[in-house]
2 protein chains.
Amino acid sequence: MEKSAEDIFEGFKEHSIAEFFKRNKQMLGYSGKVHSMVTVVHEYVSNSMDACEDAGVLPSILVSIKQLGDERYGISVDDNGPGVPKKFVGKALGTILTGTKFHVYRQQRGQQGIGAAGCTLFAQITTGKPIHVTSSTGGDAYSCDISIDIGKNKPVVNNISQSDRKSKGLSVHGEFDGIKYENSEKSVFEYLRRTALANPHVEILFSAPDGKEYTFTRSVESIPPPSKAIKPHPLGISVNDLLDFARISSSRKTSVFLAETFARMSPAKVQEMSAIVGDGIMDKTPKELDWSSAESLIKAFKLVKWIAPDATAISSIGEERIKAAIENILSPEYVYIVERKPQVLHGGIPFIVEAAIAYGGNSGRKSSDDEHAGSIMRFANRVPLLFDAGSCAITEAVKAIQWKRYGIDIENRPVSIFVNVSSIYIPYSGVGKEAISKEEEIVEEIRLALMDAARGLQKYIGGKQRVSAAKTRYRTLMNYAGQLSSDLSYLTKIDKKEIEGSLERLILKHYPKAKESDAEPEGEEEKEKGA
Amino acid sequence: MEKSAEDIFEGFKEHSIAEFFKRNKQMLGYSGKVHSMVTVVHEYVSNSMDACEDAGVLPSILVSIKQLGDERYGISVDDNGPGVPKKFVGKALGTILTGTKFHVYRQQRGQQGIGAAGCTLFAQITTGKPIHVTSSTGGDAYSCDISIDIGKNKPVVNNISQSDRKSKGLSVHGEFDGIKYENSEKSVFEYLRRTALANPHVEILFSAPDGKEYTFTRSVESIPPPSKAIKPHPLGISVNDLLDFARISSSRKTSVFLAETFARMSPAKVQEMSAIVGDGIMDKTPKELDWSSAESLIKAFKLVKWIAPDATAISSIGEERIKAAIENILSPEYVYIVERKPQVLHGGIPFIVEAAIAYGGNSGRKSSDDEHAGSIMRFANRVPLLFDAGSCAITEAVKAIQWKRYGIDIENRPVSIFVNVSSIYIPYSGVGKEAISKEEEIVEEIRLALMDAARGLQKYIGGKQRVSAAKTRYRTLMNYAGQLSSDLSYLTKIDKKEIEGSLERLILKHYPKAKESDAEPEGEEEKEKGA
């Protein structure tokens, strides 16, 4: 019953990437009803923020969700960004793997060109309906319907018409089935709340399916400095990358090509390189470089001392903004913020870790009516990561900390642990971008940030406990002091108040903080220092 | 400083899937040096097994790894399968998203058409070298080099020549850099050991980079019954799926199309359908079906009572084979195997869960020289899953069990928990297929299997403990009995042996198992029942 190779290969075919994701939509984040809804909102909202920031506009984003049937919802996202030119809109929303961001070496939330077209695909396979788009780039406004020719991964654009939209921006509306709105830790509301937390310059209006309206106001009135496109650092690229750059270079010599293509490649460094690899390679045209010459260059890169990569291209949130946002949204009793210096992934990709620990107020998550439990808020380039925590470098780092040593019970106390990783290239663990791959360099850097933050909170809690212990002792001693003063007064005939007064002074000398008013926030001193 | 949409969209481009995975190779399993090496071996070995089984051949697979430099290795996998016809070899190994398996509704290890071409891509971007292939499909044998034109996702085939390979099969050799061989829980050796465990009909020879040679022998001499291609079940498809089938149908009527396309669609069922949706829809040609007619059909599907999907298309391992394999490889003291009945995912996709718990012998993993800790072995369609445990339905189910209740300390005892999920469609959580997405139906089914297995082991351990407690009491009592007999004999002048004899009979009445020989395996009775 043996079968031949010819029989087996009869059905051999090539498939489109749209077809692949249609069959494996869980890989894009479309698994589970609540999760699927968050994925749609996430894709549209992060695209909107990228577009606004690209155009230098303070983002105002309106998210509106209406229930249309049992598990059917209409989701609309409207922004005040630059809009999408009519001739690009089909591909932007109707072809998987297109975009402006793929080849540019700068920080963006989106980087794949999959998300928005993935939403179109998801609408189409659950309701058969196209996405409806309205946009204006400043001149004429238009609207149209977009779907995907799945077998070919090509856009199908219909019903193009003029629109009376007045303001610049993009509005996308889709209808989706098999999804669900829920008020949980992993819901659209929580996603937007965390988005506001990590993006204090964004205003988000949210109209929920239950009729409630929420506004996340801006706590900062300026957009973060735009992320610059930078040249790649010599230590961050592979032989294959070098050859890719060489192939599209029009320089006449490799020496010129190196200086033009890579960061930190001063004339002096080019000379150092020449001394190592020889003029034979440096005088070649870049297109003549073969694997072994490129390998020699990469090896030489590793022998030269370089200035670290330019981290100004990375736009982290910043201590002040994190503070403003956390106070705005969590109103914590105490917050400690850590902004680490830029670090380097794989030798040449700069990244920055920011961490914060908030305590009390609305920190943590409600575990019952009056109980709060700890909560970990993960962000990558300011985008909240709500799912697949188990695969994430941030979770790994949180687990690596012995919180008990710092006297912090993250399971049962109102603690919010906030971590944001910013980079030109975030190594996500999956296409759905729900977790940061557990690269050692990233995990370690987050761990260091969290240790620092944990020490901050430890001091505060320690201070609080010391004050509270001192108060107890003060009260106990003062009880004895009262009795003792009476007895001594009876024996010595000295006035009881006088004795009590000197005893109290004696006690206060040892427990100076014990008599402070309860109304005054405890440990305020540390708070100022920490925040 | 506002930028216009036109400025922003200047760089708008379409990208190839090969380019995407080149930039995000961690999504294919190429993250970490040890992990990357396992990924290469995994892709080639599972393709080889699929090919052999497809052709009806007992698989013999040779894996050979040689260290060529610091982190550079040559990896070869050779099989006795049907081989690959010359005209398909380029696409099969040099284009991402091609294959024979994508559209067929049957169980296979591979299902994406990404893995082997992913290896080619990984070789290319780490060493610049093509993959070298030798194959024979029975007639002429050939060899060639294959790489990928990454920008276009097209194969580049070079150096095609005749080969003197005598036997049918495929041999693939690649050179990879930035990878590492290691002897750990997540290594190539462990991957192959687990592959042998779940595939007792496969013979694997492994030549390790340290010069050691390992043979995993067959414990079963027959290939599993070939998985059949089946028709999809009406309850397992979406409106969109139905329209996809309708579009390629050449039937003249929808009624005929339904009967031809779907499982369990007898003439009686077609009539039931007609009664619900009306002849208007049933008489249309399938190509005329629009979303709303298709939606009516899908709704009608849900109103009709169907026989469950045909699970004969699923090839699970089977109790006997699991037993043979576990005894062959783990030599446990005790093993309990559970094979659950077929269940249905999303209403129409059949799947089968098999679980086993092995105890003692080489079960578990060595935590120190003479300590063993528990180990979870995850499999999907008999392929070992070594990475990304946190995202996996199997891990979720293991965590959901309160092992202490069953008296099983899975952290610190020599326990191997074995779970294999078999299905025509496994919902992997990522492109790298390293974890099964946490679909509720799958997690619950695994949980039930594990509870059953845990009860089995509990009985065995309980029995062992009872026997051991009885022995202790027997010994203690017999000590007293000896002294008592002497004393009584002295007082009554009755023979000491007689008294001792009747006392022992009395004691044995209460602890019947206590005198059994130590040489006899304890709890054998339960073992026979369980295994």
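Brief remarks follow.
- Taking the C-alpha atoms only, the angle from helix A:496-510 to the longest principal axis of chain A is near 30 degrees.
- Long-range amide H partners of residue A:154 with built H, under 5 Å: A:149
- Residues of type aspartates and glutamates that residue B:305 reaches as a straight line, Cα spacing below 16 Å, ignoring anything fewer than 8 places off in the same chain: B:272
- Taking the fewest neighbouring Cβ atoms within 10 Å as the starting point, the ordered list for A:312, A:215, B:285 is A:215, A:312, B:285.
- In percent, rounded to a whole number, the relative contact order of the range A:17-216 is 27, using alpha-carbon pairs under 8 Å and six or more apart.
- Using only Cα coordinates, the Kirkwood hydrodynamic radius of the range A:344-450 works out to 14.2 Å.
- Computed helical MRE - 222 nm, the protein assembly as shown, DSSP H runs ≥ 4 contributing -39500 (n - 2.57), nearest 500: -12500 deg cm²/dmol
- Annotation: amide H of residue A:434 within the under-5 Å range of A:429, sequence separation 5 or more or interchain, hydrogens built in the peptide plane.
- Shielding of B:23-31 by partner chains, average beta-carbon count, 10 Å: 4
- Fraction of alpha-carbon pairs over 12 Å apart in the range A:157-206 - percent: 77
- Convex hull projection area averaged over all views, the range B:196-299, Cα basis, nm²: 10.6
- The Cβ shell under 12 Å around residue A:498 holds other residues with a net charge of +1, Lys and Arg each +1, Asp and Glu each -1.
- Size descriptors for the range A:17-216 (Cα atoms only): Rg and Dmax, in that order, 15.7, 44 Å.
- Label geometry 7 Å along the beta-carbon vector: residue B:508 inter-copy distances in nm: 8.7
- Per-residue HN-Hα couplings for the range B:133-148 [Karplus 6.51, -1.76, 1.60; θ = phi - 60°; Hz; x = Gly/Pro]: 10, 10, 8, 9, 9, x, x, 5, 9, 9, 9, 6, 10, 10, 9, 10
- Here the contact order of the range A:317-531, divided by its residue count and restricted to Cα pairs under 8 Å and six or more residues apart, works out to 22 percent.
- Distance from the range B:171-216 to the range B:266-345 (C-alpha centre basis), Å: 36
- Percentage relative contact order, chain A, counting C-alpha pairs under 8 Å, at least six apart: 12
- Taking the Cα atoms of the range A:124-201, the ratio Rg/Rh between the radius of gyration and the Kirkwood radius comes to 1.07.
- Residue order, fewest to most surrounding Cβ atoms within 10 angstrom, among A:491, B:197: A:491, B:197
- Counting every alpha-carbon pair across the protein assembly as shown, the share separated by more than 53 Å comes to 29%.
- With the label put 7 angstrom out from Cα along the Cα-to-Cβ vector, residue A:266 ends up 8.6 nm from the copy partners, going from closest to farthest.
- Pairwise centroid distance, computed over Cα atoms, of the range A:138-153 with the range A:480-498, Å: 91
- Taking other residues whose beta carbon is less than 10 angstrom from the beta carbon of residue B:199, and scoring Lys, Arg as +1 and Asp, Glu as -1, yields +3.
- Between this copy and the others, label points of residue A:319 are 6.7 nm apart in ascending order, each placed 7 angstrom from Cα in the Cβ direction.
- The chain B residue nearest the rotation axis shared with chain A, using its Cβ and rounding the distance to whole Å, is B:390, 1.
- Working value for the range B:310-531: equivalent-ellipsoid semi-axes of 49, 16, 14 Å, each the square root of 5 times a Cα gyration tensor eigenvalue, largest first.
- Counting all C-alpha pairs of chain B, share separated by more than 30 Å (%): 60
- The range B:412-446 versus the range A:28-101: alpha-carbon centroid distance in Å: 32
- Scanning residues 5 or more positions from residue B:61 or on other chains, those with amide H under 5 Å from its amide H are B:203, B:204, B:205, with H placed 1.01 Å from N in the peptide plane.
- Label-point gap, in nm, between residue A:266 and residue A:331 - each point 7 angstrom along Cα→Cβ: 5.4
- Ranking of B:16, B:250, A:331 by neighbouring Cβ atoms within 10 Å, starting from the fewest: B:250, A:331, B:16.
- Straight Cα distances below 20 angstrom link residue B:269 to the aspartates and glutamates B:241, B:260, B:279, B:283, B:295, B:310, with same-chain residues fewer than 8 positions distant left out.
- Charge sum, other residues only, whose C-beta stays under 13 Å from residue B:434's C-beta, Lys/Arg counted +1 and Asp/Glu -1: +1
Read-outs: derived from the displayed coordinates by stated rules, not from any lab. What you see is a predicted model; the values in this text were computed from it and never measured. Using ideal geometry, Cβ is built from the backbone for each residue, glycine included, and neighbour counts are taken over all protein chains shown.
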